[in-house]
1. Go through the stretch 273-286 and give me each residue that's surrounded by 11 or more Cβ atoms within 10 Å (Cβ to Cβ) and either free of Cβ contacts under 8 Å to residues at least 60 places away in the same chain or among the aromatic types (Phe, Trp, Tyr) (or both).
2. Just one of the numbered conditions (1) crowded, with 19+ Cβ neighbours inside 10 Å; (2) within 30 Å of Leu33 (Cβ to Cβ); (3) over 17 Å from the mean Cα position of the chain (by Cα) is not true of Arg75; which one?
3. Could you say whether any residue in the stretch 23-32 is loosely packed, with under 12 Cβ neighbours inside 10 Å and either free of Cβ contacts under 8 Å to residues at least 24 places away in the same chain or not assigned by TED's automatic domain parsing to the domain that holds Ala221 (or both)?
4. Determine, yes or no, whether Ala209 is in contact (Cβ under 8 Å) with a residue 40 or more places away in the chain, over 20 Å from Ala285 (Cα atoms) and touching a strand residue (DSSP E or B) at 6+ places or on another chain (Cβ under 6 Å).
5. Looking at the structure I just gave you, is Ala124 in contact (Cβ under 8 Å) with a residue 12 or more places away in the chain and more than 25 Å from Ile274 (Cα to Cα)?
6. Does the stretch 180-193 include one or more residues that are assigned by TED's automatic domain parsing to the domain that holds Gly119, surrounded by 14 or more Cβ atoms within 10 Å (Cβ to Cβ), among the basic types (Lys, Arg) and under 24 Å from the mean Cα position of the chain (by Cα)?
7. Report those helices (runs of 4 or more DSSP H) wholly inside the stretch 227-299 carrying at least 2 residues which are within 15 Å of the chain's Cα centre (by Cα) and in the same structural domain as Leu212 (by TED's automatic domain parsing).
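The values are calculated or read from the model by the stated rules, or taken from the named source; none is laboratory data. Because the structure is a prediction, the values reported are computed rather than measured. Note that we place each Cβ from the backbone using ideal geometry, even for glycine, and neighbour counts take in every protein chain shown.
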Amino acid sequence: MLEAAKRFIEFLRVERNASQLTLKSYQEDLSILTTHLEEVSGDCPSVADVTTLDLRGFIAELQRCGYAKSTISRRLACLRSFFRFAVREGWVESNVAKPLRNPRSGRHLPHLLTDEEIGRLLEAPPATTPSGKRDRALLETMYSAGLRVSELVGLSEADLNLESGLIRVRGKGRKERLCPLGSYAILALKKWLPVRNPNPEGAESDQDAIFLNRFGRRLTARSVGRMLEKYLKLCGLDQRTSPHTLRHSFATHLLDRGADIRTVQELLGHKSLITTQIYTHVSTAKLREVYESAHPRAG
């Protein structure tokens, strides 16, 4: 199992161009499965020894330990992919993970910020200090283009075209898309870039990074999360807000103002329209709220 898992991860890295986050998650999932199978059988099994019944026992153990349904679903996706690879390599005759079904879970509406709350947050960083200029440009860019935090910290100067108001974004699976920037984000970037100061001794990839930390190196996703927490406290906003909340808010605000869902799908970089459809539920909830407050016979 351990050697097979290594081969699978290498396949994802080389042939599928999977992100580091995906590689790390899948490696962890397979390691947990291997540990579980060792505890049950007393020995490390080969891939060919694993049965659908074994995997059902693994999923039951995850449920008993209180793992979230979303986590279990992700681990099932990893197992299906892994055993599909095992079939391709000739290690097994059939995909023993294929019969397994994801646990049922209602889709929760994402946490959002209102227009007014977004405005307060984006104006919170001081416009007079280099770090404040960076933070304002960062928040404006993330909301303006609806970026994932990994996409945001991965931006480099070569990806930015302020004249045309576009940025090139590398999303999941390293797929590229062009995202428009609003005037506020463009202005904030124009104020930040002149004071941006890369560390000449840093990694080569840091020299071109748009968003740098105080040491002149590329910001990490965790640093963005800590920075956001600081401004949420300053503004008195809901502490449940995460960097992804700005992406949720971006999509919902567009739909509330008449954007069609296919356009929003392209802007978000979603492969499937089904992923984007959750935002139509949010917008429908908004419409219902307005209807019930305004229609004389709604109550």
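1. The answer is Leu273, Thr275, Thr276, Gln277, Tyr279, Thr280, Ser283, Thr284, Lys286.
2. The number of the failed condition is (3).
3. No, the conditions are met nowhere in the stretch 23-32.
4. Details: in contact (Cβ under 8 Å) with a residue 40 or more places away in the chain: yes; over 20 Å from Ala285 (Cα atoms): yes; touching a strand residue (DSSP E or B) at 6+ places or on another chain (Cβ under 6 Å): yes.
Yes.
5. yes
6. no
7. Numbers: elements: 243-256, 261-268, 273-276, 278-294.
Per the criteria, 243-256, 261-268, 273-276.
Matching residues to (1) among the charged types (D, E, K, R); (2) surrounded by 12 or more Cβ atoms within 10 Å (Cβ to Cβ):
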{"residue": "Phe58", "(1), (2)": "no, yes"}
{"residue": "Arg80", "(1), (2)": "yes, yes"}
{"residue": "Arg88", "(1), (2)": "yes, no"}
{"residue": "Trp91", "(1), (2)": "no, yes"}
{"residue": "Lys98", "(1), (2)": "yes, yes"}
{"residue": "Pro110", "(1), (2)": "no, yes"}
{"residue": "Arg136", "(1), (2)": "yes, yes"}
